[in-house]
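Scroll down for the structure; my scribbles are underneath it.
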Amino acid sequence: MNTPLGDMDMLLVAKNKKSISDADLKLAHQKGLSRKMLTVFLTTGTLAKKAREHLEKHLKGYILLRELK
């Protein structure tokens, strides 16, 4: 991906589920860490309450979440 800081490699994780759990986010984050990449998480569903809290507390800045409608 081309950014103002130069080219960056990012891991794209896409889920076609109604509800995204915190386990889905943790797994995506682990895959990104193992590849030393920022993770972009695309979903057609919505985050569960626990997943949203985990994202805000622990994964902010590590996962970019985009909910597709």
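The values are calculated or read from the model by the stated rules, or taken from the named source; none is laboratory data. Worth saying up front: this structure is predicted, and the values here are computed from it rather than measured. Cβ atoms come from the backbone with ideal geometry, glycine included; neighbour counts cover every protein chain shown. For the accessible areas, the whole protein counts, side chains as well, though only heavy atoms, and no ligand, DNA or RNA atoms are used. Shrake-Rupley method; radii C 1.70, N 1.55, O 1.52, S 1.80 Å.
Amide H contacts of residue 13: 40, 41, 42, each under 5 Å away and 5 or more positions distant or on a separate chain (H built 1.01 Å from N in the peptide plane; Pro and chain starts excluded). For the chain, the spherically averaged projection of the C-alpha convex hull amounts to 4.7 nm². Note on the chain: with charges restricted to the Cβ of Lys and Arg (+1) and Asp and Glu (-1), its dipole about the Cα centre is near 280 debye. Comparing 26, 57, 15 in a Gaussian network model of the chain, where Cα atoms under 10 Å apart are tied by springs, the biggest mean-square fluctuation is seen for 57.
For the stretch 52-57, the Karplus equation 6.51 cos²θ - 1.76 cosθ + 1.60, evaluated at θ = phi - 60°, returns couplings of 4, 5, 5, 4, 5, 7 Hz by residue, with Gly and Pro reported as x.
The residues of the stretch 13-69 expose on average 68 square angstrom of accessible surface per residue, using a 1.4 Å probe on protein heavy atoms. Here the chain has 55 percent of its accessible surface on carbon and sulfur atoms, given a 1.4 Å probe and all protein chains in place. Comparing 45, 68, 3 along the charge dipole axis of the chain, the residue lying farthest to the positive side is 45, per the Cβ-charge model.
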